[in-house]
Structure formats: C-alpha cells, structure tokens
1. Would you please give the FRET efficiency between residue 42 and residue 139, computed as 1/(1 + (r/R0)^6) with r the Cβ-Cβ distance and R0 = 30 Å, to the nearest 0.05?
2. How far apart, in nm, are two points set 7 Å out from the Cα along the Cα-to-Cβ line at residue 27 and at residue 59?
3. Can you work out the PRE-style zone for residue 74? Point 7 Å along Cα to Cβ, and I want the residues of the stretch 32-50 with backbone N under 13 Å.
C-alpha cells in the first residue's frame, strides 16, 4: 500500500509540474535568442499570447523578455480579406445565436442554438490563418 501511495504522489507531482508550464510554445536556443511560434486566428491575440509565454519563460530565471523582433504572416488557403470577413461573420453569427438562445423561449432557443453552432462550426472550418513569431531574449 505504501508503494502505491508513493507512486500516486510521484505521478501527481510530475503531472502538476508539467501542467504548470505556461510557455508551451517557447522554443529555447543555446545562444539566448528564444522564439515563440503560434498558429493564430488574429494578429493582436498572437502578440498577447506570445508575450505572456515569453514573460513566463523568463520569470523562471528572474528576468524579463526583451523583444528582438516579431511578425505575423498570413498563410490561409483563401485571400486574406475574404478570410477576415468570414471570421468576422462567423463571430457575429455565434454571438447572435447565443443572444437569441439566452433571451428566447423554446423555439427561439432552438434557433439561437443552431445559429450559434453554425458560427462556431464556420470559425473552426476557417482555422487559424496566421503564423505569429516572437523572438526574444531574457534580460
């Protein structure tokens, strides 16, 4: 029984340690120029997520991230303007569906649920059209 308890404790500590890493996309390098590479749906969210991961990574050594360079590149399979319009339309459909569902009766809730689901499915089908890259150093 003691061996089993020890195994459970070791597993829990290991799982907790891996689960707390908030810098899953940081690619460290030997020369100190680290990189965060993300597939994203919108450029601003990419910066926020990448910077948050860089901060968490550098915090381990008591340092702060200093940006070397950054950028995003559209890599979708349709032209960028069409992609952005489709993403906006799917977000609107999802939000409208949720509002109809929350405010309506049984019929309206069904219609709202279908509209919201349609917006969600459309966003998923469009995928993440951008690749965002943040290069940084911990200083």
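1. On the way: r = 29 Å, r/R0 = 0.96.
E between residue 42 and residue 139, to the nearest 0.05, is 0.55.
2. 2.4
3. 42-43
The numbers here are math on the coordinates, done by the rules we state, and not lab data. Source: prediction; values computed, not measured. We place every Cβ from the backbone using ideal geometry, glycine too, and count neighbours over all the protein chains shown.
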